Amino acid sequence: MKIYYKNWRLFLIFLFLFLSIAAILSRMVYVQVQQGNFLLQKGNNQNTSERIIEFKRGSIFDKNGIPLAISITGFDLFALSGLSEDDFLKIKNILKLKDLEYKPFNKKSLISASLSFEEMRKIRSLRINRLELEKTYKRHYPLGEQVAPLVGFSGRDGYGLEGLEKSYNSILTGKPLKERVLKDGARSAIQRLEIVEFGENSRDIYLTIDSNIQYIAYKYLVEAIKNNDGTAGTVIILDNSAKEVLALASYPSYNPNNPMRSIKKNRAFLESYEPGSIVKPLALAGAIENNLISIDTEMELPIKIEVDGNIINDRKKYGQLKAFEVIKESSQVGATQISFLLGAEKLIDNYKKFGFSKPVNINFPSTSFGSINSRDEISDIEIATLGYGYGLTATPFQISQAYAIFANKGTYYDFKIIKDNEFQIFSEQIISEKTANDVLFSMRQVIEDGTGILAKLENFDVSGKTGTTEKLRDGNYKSSSYTASFIGIGPNPSNELTIFVNIDGLGSQKYSGGSVAAPLFKKISNDVFSYMGYFNK
Amino acid sequence: MQNFYLPVIFFQLVIITYLSFIIVDVRWEIRSGFKTQERLTIQNEELENLYYQLLTEEFFLNSPARIEKKAKEDLGMIKVRPKKIK
């Protein structure tokens with residue numbers, strides 16, 4: 001009986017152990033098979049997380065590597081809910097936040113923005129759990145308003161909003177990388193598990209702009225606008241041999257570093273205006289190219305002519321002038337005669353060949369490309385006015401590119417603003433080399449003894465042309481508001497630079513291209529030629 | 001036969017134990033390498049900040065605007081037109 005009793009108790013123990021092991025095993029099977037994936041996911045969620053790595057926005061440099069737009073890394077400090085007052089006071093002491101008082105944090109709240117690396121390290125060394133540091137990038141524009149209308153600016157989110165910052169946004173931003181990481185108890189990443197989405201690194205861009213030349217252009221432009229009571233203006237300097245834009249100044253400008261900036265347009269690309277007499281050499285080039293005239297052709301010019309009941313007159317009676325002298329004196333009557341020689345179709349076609357009314361090959365947000373009056377039944381007065389720059393509009397950049405044709409022996413080139421070896425420069429022979437030289441000769445007379453005499457340089461030979469335009473307002477030409485322009489090519493004989501200047505919103509006191517724009521051209525070209533190391537004469 | 005298997009099993013156990021240590025060691029190295037990479041990334045950005053600051057400062061010190069201001073205001077210099085080169 002005793003043995004039986006003993007065996008019975010032993011049996012119960014074995015049975016209990018067996019059932020326990022069976023229960024554990026079945027639970028294990030249940031957990032592994034039924035809930036395995038769910039629990040695995042739960043565990044992974046606690047230890048792993050996906051994070052997005054944004055690349056620092058690329059910088060913009062000038063051709064010499066001088067920064068025009070750079071991103072500076074900083075850190076924003078956030079308090080998470082439950083941050084204690086003691087911890088807050090420690091942070092307050094480190095960051096010297098005098099005005100900030102403690103209040104219980106119920107949600108993620110910004111404590112301080114744009115912390116330096118040193119401050120970030122001090123905060124991290126406190127090892128406070130209820131804090132979060134977020135990396136941020138602040139954009140800086142060292143040249144400020146000098147290049148603001150060209151470079152533009154980007155928002156706090158790192159997205160380009162204006163200028164080249166906008167048009168090259170995808171290159172400057174890159175594509176963020178997404179990765180899954182393993183985290184430790186303090187929730188900081190300790191190992192990369194996998195790359196969920198491959199990114200693309202941001203890239204810097206180099207402009208063809210030279211900061212020193214840009215400074216010269218902007219300085220004299222602002223000075224001239226203020227001295228002549230103008231309201232706005234543009235300076236463009238092109239390197240004819242490299243087919244690059246060296247400077248592009250536009251006034252009024254703004255400070256891109258100021259978050260309260262008020263945006264001003266880039267007038268070089270956006271302000272299409274009636275260019276006035278500055279187009280006369282283009283019409284002359286068309287007439288020479290069509291064998292209708294040569295620069296020595298004698299032209300009989302009355303002081304005024306009547307076209308469709310409108311009087312076109314010159315400031316004095318020239319009598320007989322050679323074709324090149326029409327450009328030198330900027331004769332309206334002479335330009336009208338050249339227009340009639342060409343006829344509407346050839347005249348309009350000629351302007352189009354020079355790039356007018358066509359988009360420019362520059363990646364810039366919303367460029368303008370002007371227009372030409374090309375109605376089927378165009379009247380005689382409209383043909384006449386086209387010859388001296390009314391009835392068509394063009395941007396300063398289009399005019400500059402058109403004039404660069406004369407410096408480039410009759411070949412049209414698309415100028416570039418980004419240093420990019422893959423950029424294919426479009427080129428097309430528009431006029432013969434002889435025609436280009438003839439026009440340059442005519443333009444040299446403008447400087448020597450013509451309307452552009454105030455642009456004459458003591459040490460350099462240049463060719464140029466003046467332009468004065470009455471501004472069209474509400475369908476009428478106002479004789480109280482003018483635009484003065486001047487474009488020059490030099491220094492002779494290399495003719496490596498094309499310099500365009502214009503000043504807008506001039507009053508009725510001093511407004512002509514010869515008296516306002518030509519002296520501005522002289523100042524700019526003198527400094528730029530010297531800076532670039534040209535020695536002539 | 002038993003005498004043959006025992007050393008093999010023992011040797012395998014030793015290898016497995018050794019490999020387990022290696023795995024732990026490699027994992028530790030990966031993690032410390034990752035942390036170093038994170039640290040160096042931050043250090044790189046800090047140095048980049050410094051580089052940009054120095055570059056901007058260099059540009060400011062060399063800028064024609066500053067030189068012109070110094071020449072005119074501090075040194076009282078005036079602009080002289082270059083003479084003709086004969």
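Here are a few things to note about the model shown:
- The accessible-area loss of the stretch A:188-219 on complex formation, taken against its chain alone with a 1.4 Å probe, reaches 40 Å² or more at A:Ile190, A:Gln191, A:Arg192, A:Tyr215.
- In the stretch B:34-58, the residues whose accessible area drops by at least 30 square angstrom when the other protein chains are added to the isolated chain are B:Phe34, B:Lys35, B:Glu38, B:Ile42, B:Glu45, B:Glu46, B:Asn49, B:Tyr52, B:Leu55, B:Thr56; the probe is 1.4 Å and only protein heavy atoms count.
- The B-A contact accounts for roughly 2800 square angstrom of buried accessible surface, both chains included, probe 1.4 angstrom.
- With every protein chain in place, the stretch A:4-99: carbon and sulfur % of accessible area (1.4 Å): 61 percent
- Among complete DSSP H helices in chain A, those whose alpha-carbon atoms stretch at least 30 Å along the helix's long axis and whose mean Kyte-Doolittle hydropathy reaches -1.0 are A:2-29.
- Residues whose amide H falls under 5 Å from that of A:Leu193, counting only those 5 or more places apart or on a different chain, are A:Arg180, A:Val181, A:Leu182, with hydrogens built in the peptide plane.
- Computed over protein heavy atoms with a 1.4 Å probe, the carbon and sulfur contribution to the accessible area of the stretch A:431-501 reaches 45%.
- Protection proxy ranking, highest mean first, for peptides A:337-349, A:20-32, A:275-287, B:48-60: A:275-287, A:337-349, B:48-60, A:20-32, where packing is the per-residue count of other beta-carbon atoms within 10 Å, averaged.
- Partners for A:Lys352 among lysines (Cα-Cα distance below 17 Å; same-chain residues under 8 apart left out): A:Lys280
- Leading residue at positive end of dipole, chain A (Cβ point charges), from A:Ala79, A:Pro256, A:Pro491: A:Ala79
- The C-alpha atoms of chain B define a longest principal axis, and helix B:2-62 lies at about 10 degrees to it.
- Entry comment: accessible area of the stretch A:304-349 is 48 Å² per residue, from protein heavy atoms only and a probe of 1.4 Å.
- For peptides A:360-366, A:158-164, A:179-185, sequence by mean Cβ density within 10 Å, most packed first: A:158-164, A:360-366, A:179-185
- Estimated 222 nm signal from helices in the protein assembly as shown, with DSSP H stretches of n ≥ 4 weighted -39500 (n - 2.57), rounded to 500: -13000 deg cm²/dmol
- Close amide H contacts of A:Ile430 (hydrogens built in the peptide plane, cut-off under 5 Å, sequence separation of 5 or more or a different chain): A:Thr411, A:Tyr412.
- Excluding ligands, DNA and RNA, the accessible surface per residue across chain B is 89 Å² with a 1.4 Å probe.
- Accessible area of the stretch A:255-401 belonging to carbon and sulfur atoms, whole % at 1.4 Å probe: 46 percent
- Cα centroid separation - the stretch A:347-368 against the stretch A:76-91, whole Å: 59 Å
- Protein-only accessible surface at a 1.4 angstrom probe places the residues A:Leu454, A:Leu221 in the order A:Leu454, A:Leu221, largest first.
- Taking all protein chains into account, the per residue accessible area for the stretch A:388-537 stands at 37 Å² (1.4 Å probe).
- Threshold 20 Å² - residues in the stretch B:60-79 whose accessible area is reduced by that much or more when the chain is no longer isolated, probe 1.4 Å: B:Pro64, B:Ala65, B:Glu68, B:Lys79
- Pairs from the list A:Lys138/A:Lys166; A:Lys328/A:Lys358; A:Lys358/A:Lys416 with a Cα-Cα gap above 19 Å: A:Lys328/A:Lys358.
The values are calculated or read from the model by the stated rules, or taken from the named source; none is laboratory data. Keep in mind that what you see is a predicted model, and the values were worked out from it rather than measured. Positions of Cβ are backbone-derived with ideal geometry, glycine not excepted, and every protein chain shown enters the neighbour counts. The accessibility values were calculated without ligands, DNA or RNA, using every heavy atom of the protein model including side chains. Shrake-Rupley method; radii C 1.70, N 1.55, O 1.52, S 1.80 Å.
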